[in-house]
Amino acid sequence: MRSFTYERATSPQQAAAIVAERKGAKFLAGGTNLLDLMKLEIETPTHLVDVQDLDLDMIEETAEGGLRIGALVSNTALSADPRVMRDYAVLSRAVQAGASGQLRNKATTGGNLLQRTRCPYFYDTNMPCNKRSPGSGCAASAGYSRQLGVVGISEDCIATYPGDMAVALAVLDAVVETIRPDGTSRSIPLGDFHLLWGDTPDKETVLEHGELITGVVLPKPPGGQHYYHKVRDRASYAFALVSVAAVLQPDGTGRVAFGGVAPRPWRKDEADAALTQGAKAVVEQAFAGSATRDDNKYKIALAERTLAGILAEARS
Amino acid sequence: MKYEAPVGKTIFDDAKIVGKSTRRIDGPLKTSGMAPYAYERHDVASGQVYGYIVGSAIAKGRIASMDLEEARSAPGVLAVIAATETDPLGSSNFNTAPLFGGPEITHYHQAIACVVAETFEQARAAAALIRTTYDRDEGEYSLSRTVEQAASDTSKIVSENVVRNGDFESAFAAAAVQIDQTYTTPDESHAMMEPFATIAAWEGDKLTLWTSNQMIAWGRAAMASILRMPKENIRLDSPYLGGGFGGKLWVRVDAVLAALAAKAAGRPVKIMMQRALTYNNATHRHATIQRVRIGADKNGKIAAIAHECWSGNLTGGMDENGAAQTRALYAGPDNLTASYLTELDLPEANAMRAPGEAPGHLAIEVAMDELAEQLGMDPIELRILNEPETLPSNPSIKFSDRHLVECLRVGAESFGWANRKSRPGTVREGRWMVGMGVAAGYRGALIMKSGARVSIDARGKISVETDMTDIGTGSYTIIAQTAAECMGVALEDVSVDLGDSRSPVSAGSGGQWGAASSTAGVYAACVELRRMVTEKFGYDPETASFADGMVRDANVVRALSEAGPLSAEDTMTYGDFQKEYDMGTYASHFAEVAVDAYTGEVRIRRMLAVCDAGRILNPLTARSQVIGAMVMAAGAALTEELAVDKRFGFFVNHDMAGYEVPVHADIGQQSVIFLDTLDGVIAPLKAKGVGELGICGPGAAIANAIYNATGVRVRDYPITVDKLIAEMPDVA
Amino acid sequence: MSDWNLSVTRRGLLTSSAAVLSIAPAIRARAASQSSAGATTLPVTFEVNGQERMLRLDPRTTLLDALREHLKLTGTKKGCDHGQCGACTVIVNGERINSCLSLAVQHAGDQVTTIEGLGTPDDLHPLQEAFIEHDGYQCGYCTPGQICSAVAMLGEIERGIPSHVTGDLSKAVSATNMEVRERMSGNICRCGAYSNIAAAIADVAEG
């Protein structure tokens, strides 16, 4: 871990301003991913702005009948909020499926959106990786890719966004709110928040340097039945091979998103529209244009089977 | 003392302490965080500084250049030890891969440097400043490729271990029912919770290593050989280990670099190998390819059985003999068991819990399930029908004590085996497909010479010193039980000092020999101490009795404390008579699993092990050994695999998120039954080990249960969802 | 596949790792200083097991290393140093966290409870007793983390926090075997003492 300087921010705008004026500065919230990567010098901030004291840890109701989740709300608090459990169960379920009790206590809503990939070649600094070291190549592309992406990926990077929470936020049409160094704020639909890798896999989100996530807004409750099924190699404390978030209405319509398969929570309007035709039709739409490898092509079949299980449960 | 013949009745047959469930005497220290592990010895060697290891970025080749200047001038740095500035160090008999020194690289993450600094943070940061370039050689990293080549080019087999009886090929060809299947198991990691760690301190030419090591005497000898110094000048101390499972049978580079770095820095140096390095730097269990052929008559009587196992290792390395248990398990007059080794440039493969047998059962015990199905026979009855009279691979050898059939019968009754539906895929509970599986288990019962010193002080308290280790096995407690029983004192009156090379040399912890061997050594020392006490008291050593802190002979009684201080040391050794016997431990393993019909996710609902391992010295801790081994077996069956990158030649998933060992939620209800057996051939306590028996079979029972649940047979471990759904019926 | 350059180097050009400390107002008030080794340190004050402790730390120091190396409270274990094993679990302000993935400076003013604060060999916490009774350990290395985790985990159940295996989010949760196993899954035990750990926790949960 390289040396850095440390300070605690006192307001969101101040935090944004400090980070903006220093090229190597980063926000520090829970730290569960950032410190992990700093120990390996995959992240090498020269200055950390600790945002823990900011007043961003509330879940409030919005005028539109939805919820605003402060960026510093912990995963635990989010998943246990009575309103979230009642009206946005898919979100509660997705968060519970992630990480461990200890990590969920520390991980924040904002930080979780910025969680970086778990590609093992990204984590091994001896290996070429276009995300970690642009232009060095992608060791994963022809390597061990059982956990890696099958859709929305590129020649330069086949990593996935590894989280669970954002997959649920995607089906909920959540909006990410930020504050910029100049004090202005913007609202970014979750579906636009994470970038596809293209030829710049080092750029992962639309955030500008110094732009701080202040919260996530959920529109009014979508009703219906909520499902989050995460398939992993062990029963807990593991990243998804495939996860499926779904909100299903009594008439069979609904919304669906897939995790563990792409650079972002993977949601397609065409796939939603195919829900009444069954899992096979949905997956055909969602995974159109996929690029699989021998050791990860199972993900498409697994996505279909996982969704089929959800649809069967919804019918029963 | 030499154990020359099977013993008759002993004091242990009327034991009050040995054989009784006993809480660990080290429990209060471990649960309160006060038990000192290697890296935590703030109480020794003042002025400790921190070492950080740098691993090679290539798997094979040599270092072209190392730029150390920036690291050397980084804040807090006291010394930098570099491979390019160190002559290749001596080696030991125990390892193949060189630990340190010289530019040659033989495996990924081989240590190439160590940075010493005042603080851990400074050492870690400076280590990242070392810039190394390499000349990379091509290597061979694919076991399937070397095995394929070996089929036509026998020179690719660098060593083999083949045992034949009769004419397997002809008998197999003539058999009415045949099984011929190939199974593969992946490379596996010990992944013990405490990484390799050492504090090293020099006093003149004397070196002390507070380290985490299973085999103190081996480690001391190895360090002497590696550092080319007399072993008398080396002390190892390892009172607590955070697990080993075979990975800490040897000193590793943490100990070597700590010693070198402490010399260079002129300060005691502490090093804990970073987790990410442990998978490729240290040893692992070999991957195997195993072919099993069984020929039987229509009634299930086995005529011919062959189990061949291929593995790979660095030049000079050992094999993973997956056929080992098949030499003992089933009758079959024409048999072939073989282990073939090929060469690979992956990190060194070496012993991991039940080497050979753990992966071996994943093949033979599934093959038996396949045979039973083909015969339309119950798999338990098939095994019972083929119970051998003597050792199948060498029929002149008797079994010392064997109750495998009873294990199977008791297990079937207890587990409710009668409720199993033999036709696969027929039990459904909602989305879950449910099945049961069984496997037999065999693990050799090794016994090793072992010494101890037992002393009485003036208060009548007993202390035991031996370089035996407790790697979680419960050594502290069974040794205390043994000494208390022998000397006739309460357990609370015994203290046990383990893991110090200044104490008498013991068997150490490995090969599940530790419990039987180390307690026999303590017994030997106690016998000598009793003799000395009776001599001091003028009692007849034949008739004197030791109980309740008193020593009685005829009508006289004296307190044991009156004999103190008194100390005796002895080592138990074993006569050739044991060569007439196959000494083994036996088990039946059962599993019930549920498999998600949609996703293929497997949930273990219940597991049962019925064990025949002689006297169980402490049922509480022995049961823990078995349930723990069952967990590790579940990992081998379902999740654990070191993924090989065959281009770069390394294990890719080298952290605890990538190499998935079981977590709490993976394990269902576990039960263990110990048969009440005694094996007088092996040692005076008539006890055998259980810690490796417990991993021999449960994985196969799980695999067989998955087949019973789904009708899908995955022969390529681990059995993960991708492999299962590829064969499971459509659901959409 | 592309044939990238296989002469791998550890690192390309580096900038100096010893950045100059610029101290924010809140921290500056507590006066940072240079240590003898030339590294910059920050003062951190927190409460550990009921006692106020003041340390001067390299900002890179994790809470785990502050406990183990600076306060010599070695009951908290380092197993992976990356939040992947749970051996470093401590309780901060009532909540269990991985102390390896937290900088000590993030915890200024916090209340930290480690295994040493739960009980001592002569005065064990009920859960420590239960672990001994049920043999809920083997090598003992994950044990302090398991116990700290379990103490806080039971509190989470009491507060109604749901888990991945909670059936109905609208109903109260209780410490069933399944709930305990799921909630304890962030604490790996390679010795495989899980069943005994679950039994020990059940004992205490049932009172």
Could you say which residue among C:Pro121, C:Pro59 is within 10 Å of another protein chain (Cβ to nearest Cβ), without any contact (Cβ under 8 Å) to a residue 12 or more places away in the chain and not hydroxyl-bearing (Ser, Thr, Tyr)? C:Pro121
Tally of residues being within 22 Å of B:Glu413 (Cα to Cα) and away from chain C (no Cβ under 11 Å) across segment B:641-680: 5
Within segment C:151-180, work out how many residues are of a type in the set (Asp, Glu), part of a helix (DSSP H, G or I) and open to solvent by 50 Å² or more (accessible area, probe 1.4 Å). 1
Does A:Arg255 count as open to solvent by 20 Å² or more (accessible area, probe 1.4 Å), in contact with a Phe, Trp or Tyr (Cβ under 6 Å, 6 or more places away or on another chain) and of a type in the set (Lys, Arg)? no
Of everything in segment B:709-732, what is open to solvent by less than 10 Å² (accessible area, probe 1.4 Å) and away from chain A (no Cβ under 14 Å)? Give them in sequence order. B:Ala709
Taking into account only those residues within segment C:152-207 that are among the acidic types (Asp, Glu) and under 19 Å from the mean Cα position of the chain (by Cα), which is farthest from the other protein chains (Cβ to nearest Cβ)? C:Glu156
State whether the residues of segment B:613-627 include one that is within 21 Å of C:Val165 (Cα to Cα) and assigned to a loop (DSSP other than H, G, I, E, B). no
Being open to solvent by 40 Å² or more (accessible area, probe 1.4 Å) and under 30 Å from C:Glu69 (Cα atoms) is the filter here; which residues of segment B:1-27 pass it? B:Ile25
Read through the list (1) over 29 Å from B:Tyr523 (Cα atoms); (2) under 26 Å from the mean Cα position of the chain (by Cα), then give the number of the only condition that B:Gly27 fails. (1)
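Just for segment A:288-307: of the residues that are surrounded by fewer than 23 Cβ atoms within 10 Å (Cβ to Cβ) and under 18 Å from A:Arg267 (Cβ atoms), which one is farthest from the other protein chains (Cβ to nearest Cβ)?
So the residue we want is A:Gly289.
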Kindly establish whether B:Ala609 is buried (at least 23 other Cβ atoms within 10 Å of the Cβ), within 14 Å of chain C (Cβ to nearest Cβ) and part of a helix (DSSP H, G or I). no
Check on C:Ala193, open to solvent by 10 Å² or more (accessible area, probe 1.4 Å), over 21 Å from A:Gly98 (Cα atoms) and either modelled with pLDDT under 95 or not assigned by TED's automatic domain parsing to the domain that holds C:Lys78 (or both): no
Failed item, numbered, when A:Ala77 is tested on (1) of a type in the set (Gly, Ala, Ser); (2) facing chain C (nearest Cβ under 10 Å); (3) touching a Gly at 6+ places or on another chain (Cβ under 9 Å): (3)
Is one or more of the residues making up segment A:38-45 facing chain C (nearest Cβ under 9 Å), open to solvent by 30 Å² or more (accessible area, probe 1.4 Å) and more than 27 Å from A:Tyr121 (Cβ to Cβ)? no
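Yes/no per residue for (1) within 29 Å of B:Gly600 (Cβ to Cβ); (2) within 14 Å of chain C (Cβ to nearest Cβ); (3) β-branched (Val, Ile, Thr):
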| residue | (1), (2), (3) |
| --- | --- |
| A:Asp199 | no, yes, no |
| A:Leu212 | no, no, no |
| A:Val231 | yes, yes, yes |
| A:Tyr237 | yes, yes, no |
| A:Leu241 | yes, no, no |
| A:Gly260 | yes, no, no |
| A:Ala274 | yes, no, no |
Spans of strands (runs of 3 or more DSSP E) in segment A:144-240 with at least 1 residues touching a residue at least 24 places away in the same chain (Cβ under 8 Å), within 15 Å of the chain's Cα centre (by Cα) and within 28 Å of A:Arg305 (Cβ to Cβ): A:225-231
Just to be sure before I move on: is C:Arg183 free of Cβ contacts under 8 Å to residues at least 40 places away in the same chain, of a type in the set (D, E, K, R), open to solvent by 10 Å² or more (accessible area, probe 1.4 Å) and outside the structural domain of C:Ile97 (by TED's automatic domain parsing) in the structure I sent? no
For segment C:84-113, name all the residues that are in contact (Cβ under 8 Å) with a residue 60 or more places away in the chain and more than 7 Å from every other protein chain (Cβ to nearest Cβ). C:Ile91, C:Gly94, C:Ala104, C:His107, C:Ala108, C:Gly109, C:Asp110, C:Gln111, C:Val112, C:Thr113
The one condition in (1) surrounded by 24 or more Cβ atoms within 10 Å (Cβ to Cβ); (2) outside any loop (DSSP other than H, G, I, E, B); (3) within 9 Å of chain C (Cβ to nearest Cβ); (4) not small (Gly, Ala, Ser) that B:Ile53 fails to fulfil: (3)
Looking at B:Ala657, is it among the small types (Gly, Ala, Ser), open to solvent by 10 Å² or more (accessible area, probe 1.4 Å) and assigned to a helix (DSSP H, G or I)? no
Test: residue in segment A:1-13 that is in contact with a strand residue (DSSP E or B) (Cβ under 8 Å, 6 or more places away or on another chain), in a helix (DSSP H, G or I) and closer than 22 Å to C:Pro43 by Cα: no
Segment B:349-388, subset assigned to a loop (DSSP other than H, G, I, E, B) and of a type in the set (A, V, I, L, M), residue surrounded by the most Cβ atoms within 10 Å (Cβ to Cβ): B:Ala354
Within segment C:133-150, residues part of a helix (DSSP H, G or I) and crowded, with 22+ Cβ neighbours inside 10 Å come out as C:Thr143, C:Pro144, C:Gly145, C:Gln146, C:Ile147, C:Cys148, C:Ser149, C:Ala150
So if I check each of B:Ala262, B:Ala258, B:Ala287, which one is under 24 Å from B:Ile695 (Cα atoms), more than 14 Å from chain C (Cβ to nearest Cβ) and small (Gly, Ala, Ser)? B:Ala287
Restricted to segment A:52-86 and to residues being outside any strand (DSSP E or B), closer than 22 Å to A:Lys106 by Cβ and of a type in the set (D, E, K, R), the residue least open to solvent (accessible area, probe 1.4 Å) is A:Asp81
Residues of segment B:24-50 being assigned to a loop (DSSP other than H, G, I, E, B) and aromatic (Phe, Trp, Tyr), in sequence order, are B:Tyr37
Looking only at segment B:100-119, decide whether some residue is open to solvent by less than 20 Å² (accessible area, probe 1.4 Å) and part of a helix (DSSP H, G or I). no
Which of the following residues is at pLDDT 95 or above and part of a helix (DSSP H, G or I): B:Leu408, B:Leu391, B:Leu329, B:Leu346? B:Leu408
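The values are calculated or read from the model by the stated rules, or taken from the named source; none is laboratory data. Note that the structure is predicted; figures quoted are calculated from it, not measured. Every residue, glycine as well, gets a Cβ built from its backbone with ideal geometry; the counts of neighbours run over all protein chains shown. The area values use the complete protein model at the heavy-atom level, side chains included, leaving out ligands, DNA and RNA. Shrake-Rupley method; radii C 1.70, N 1.55, O 1.52, S 1.80 Å.
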